[in-house]
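Asker: The structure that follows is given in the form of structure tokens.
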Amino acid sequence: MGAAFGPSRAIAVFLAAAMALVGISLVGTPASSEGAVPFQFSVAGDFGSWSGMRESLDQLNASGSDFAIALGDLSYGGNTGYANTTEEAWCAKFHKFFPKIEIIAGNHDTGDTIPGEGDINQFVAYCPFNLKTSVDGVYGKQYAFDFPRNNPLARFILISPDLIFRVDDGEHYSYDVGTPRYDWTKGQIEDAKAKGIPWVIVGFHKNCIGAGEHHCETGTDILNLLIQEKVDLILNAHEHNYERSHQLAFTDSCPQGIQEHVFIPGCIVHNGTDAKYQRGAGSVLVIQGTGGREIDTFNESDPTAGYFAAYMGVDTIGAANGVVTYNVYPDRIEERTSFNGTYADSFTIGEFTPGLFERVLQVLPIAAPIVVGLIGFGVGGFLVWRNRQATPSSRTAKPRLPRVRDFRM
């Protein structure tokens, strides 16, 4: 016969089943790219051609990165002393310290009428794309590439929202909903996902959110596209400081995404103060306009300041120029700042195992019917046990009568 079904056994059965349910419901295969080789790249914008650029090049040279991306506003017409033209001089100096530099235009690289402004067409000629992978689009203005070429871990999409290219007869690069450039960007993201490329990284010079001197010059459409598609990393410059966002996504409390000149707390799906972002939950935006120009203020009173978890402004202890470096693996992206000062920041986007309480909350909507059944099973078993304790068993032996002996002869 089996052991009595007491309350402790009922509770044990319930807990064991619930724990098994929680464990099974969270089992998954982490995304990976078979045979992919991890790599490292560095990013900064707003280099200029003065002493700050040299500081950043020193940091970049020491980083060990496979390549770097310059996020626009390259020379500002500054004097590098390396060649006769601004663009040739800037590229020559950069290549002397770090040869594998890929570029995207900023508003100071479009051939504006201000004396000394750069010409992106000339920059492209002297800083050509030099990675061993193919380019889709127009290098320097709007293009994409996968890296590494074989078994790529990431797709890089570099675009030029709100730039007016006077060097191209004043063409305005608009990324509003329904425009060809918006659709091109969306197609690149969807194609990367369809091909199973683990990470999607989008970079452009101007920003839409950021607590500095600039406001949303790009319009919200392109930023909201990236957030809605849950692009892993969004890389900006333009603000001459460093800003790292919380993780952003569309939610029931943020149904229309980011809006101009207003902070919407519901767009934050994870508070980035712990520097751990769950992969696939939303987008992380990093502003790194630290390449060479003087560091500007982080304006805490700006409405969009609430979107950021960490920052370095001119008043931050240890603020300095430099680059931001990213290590890309099949299962995670690790970021760290490489500044010529004491300020440092880092974060990881990856697979993080939640604690027991969080896991129970995660699976509760799915597990609720089963949990209710388990509770009913446990309560029912307890009531049966209690009833048996209170009521004599039907199998209890009846009292025996004295035996009468027969003395007859």
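Asker: Non-local amide H neighbours of GLU171 (under 5 Å, H modeled in plane, Pro and chain starts lacking H): which ones?
Answerer: Here PHE165 satisfy the definition.
Asker: Run the numbers for GLU294 and ASN271: contour at 0.36 nm per residue of separation, minus the present Cα-Cα distance, in nm.
Answerer: Here the segment from GLU294 to ASN271 would lengthen by 5.4 nm.
Asker: Here is a follow-up. I'd like the accessible area for MET312, computed on protein heavy atoms only with a 1.4 Å probe and all protein chains in place. Round to 10 Å², please.
Answerer: Surface open to solvent at MET312 totals about 0 Å².
Asker: Show me, for region 293-308, the HN-Hα J-couplings you get by feeding each phi into the Karplus relation (A = 6.51, B = -1.76, C = 1.60, θ = phi - 60°), rounded to Hz, glycine and proline as x.
Answerer: 5, 4, 5, 9, 6, 8, 8, 5, 7, 5, x, 8, 4, x, 7, 10
Asker: Using a 1.4 Å probe on the protein chains only, how many percent of the accessible area of region 38-153 belongs to carbon and sulfur?
Answerer: Here carbon and sulfur together make up 45 percent of the probe-accessible area.
Asker: Relative to the present Cα-Cα distance, how much length would full extension add between HIS172 and ASN327 at 0.36 nm per residue of separation?
Answerer: Full extension from HIS172 to ASN327 adds 52.4 nm.
Asker: OK, next. Rg and Dmax of region 116-227, Cα atoms, in Å?
Answerer: Just the Cα atoms of region 116-227 yield Rg and Dmax of 14.7, 44 Å.
Asker: A further question on this structure: Taking amide H atoms as placed 1.01 Å from N in the peptide plane, list the residues 5 or more away in sequence, or in a different chain, whose amide H sits under 5 Å from that of PHE298.
Answerer: When sequence neighbours closer than 5 places are left aside, the close amide H contacts are GLY313, VAL314, ASP315.
Asker: Give the Kirkwood hydrodynamic radius (Å, one decimal) of region 45-153, defined as one over the mean of 1/r across all pairs of different Cα atoms.
Answerer: So the Kirkwood estimate lands at 14.2 Å.
Asker: Would you pull out the residues with amide H under 5 Å of ALA309's amide H, same chain only if 5 or more places away, H placed 1.01 Å from N?
Answerer: ARG244, SER245, HIS246
Asker: Taking the simple approach of a point 7 Å from Cα along Cα-to-Cβ for both ASP136 and LYS193, what is their distance in nm?
Answerer: About 1.5 nm separates the two model spin labels.
Asker: Over region 142-195, with the other protein chains present, what is the accessible area per residue in square angstrom, probe 1.4 angstrom?
Answerer: It amounts to 45 Å² per residue over region 142-195.
Asker: Taking the highest mean first, how do the peptides 339-346, 185-192 order by number of other beta carbon atoms within 10 angstrom per residue?
Answerer: The densest-packed peptide leads the list: 185-192, 339-346.
Asker: Quick one: check the C-alpha center-to-center distance for region 269-331 versus region 172-222, whole angstrom.
Answerer: If you average the Cα positions of each part, the centres end up 18 Å apart.
Asker: Further question on the same structure: Quick one: 3J(HN,Hα) in Hz for region 133-148, Karplus 6.51/-1.76/1.60 with θ = phi - 60°, rounded, Gly and Pro as x.
Answerer: For region 133-148, the Karplus-derived couplings read 7, 8, 10, 10, x, 10, 4, x, 10, 7, 7, 9, 8, 9, 9, x Hz, x marking Gly and Pro.
Asker: Follow-up. For region 35-179, what's the relative contact order in percent, using C-alpha pairs closer than 8 Å and at least 6 residues apart?
Answerer: So the answer I get is 19 percent.
Asker: From the square roots a ≥ b ≥ c of the eigenvalues of the alpha-carbon gyration tensor of region 178-224, which class results: rounded (a/c under 1.5), prolate (a/b over b/c), or oblate?
Answerer: oblate
Asker: Please list, in order along region 272-286, the HN-Hα scalar couplings obtained from phi with the Karplus expression 6.51 cos²θ - 1.76 cosθ + 1.60 (θ = phi - 60°), rounded to whole Hz, x for Gly and Pro.
Answerer: Taking θ as phi minus 60°, the curve returns x, 5, 8, 6, 10, 10, 6, 4, x, 7, x, 10, 10, 10, 10 Hz for region 272-286.
Asker: How much FRET efficiency would the formula 1/(1 + (r/R0)^6) give for VAL262 and ASN150, where r is the Cβ-Cβ distance and R0 is 45 Å, rounded to 0.05?
Answerer: Plugging the Cβ-Cβ distance into 1/(1 + (r/R0)^6) gives 0.50.
The values are calculated or read from the model by the stated rules, or taken from the named source; none is laboratory data. Every value quoted in this text rests on a predicted model; they were computed, and no experiment measured them. For neighbour counting, all protein chains shown are included, and Cβ atoms are generated from backbone atoms with ideal geometry for every residue, glycine included. What goes into the accessible areas is simple: the full protein's heavy atoms, side chains included, and nothing from ligands, DNA or RNA. Shrake-Rupley method; radii C 1.70, N 1.55, O 1.52, S 1.80 Å.
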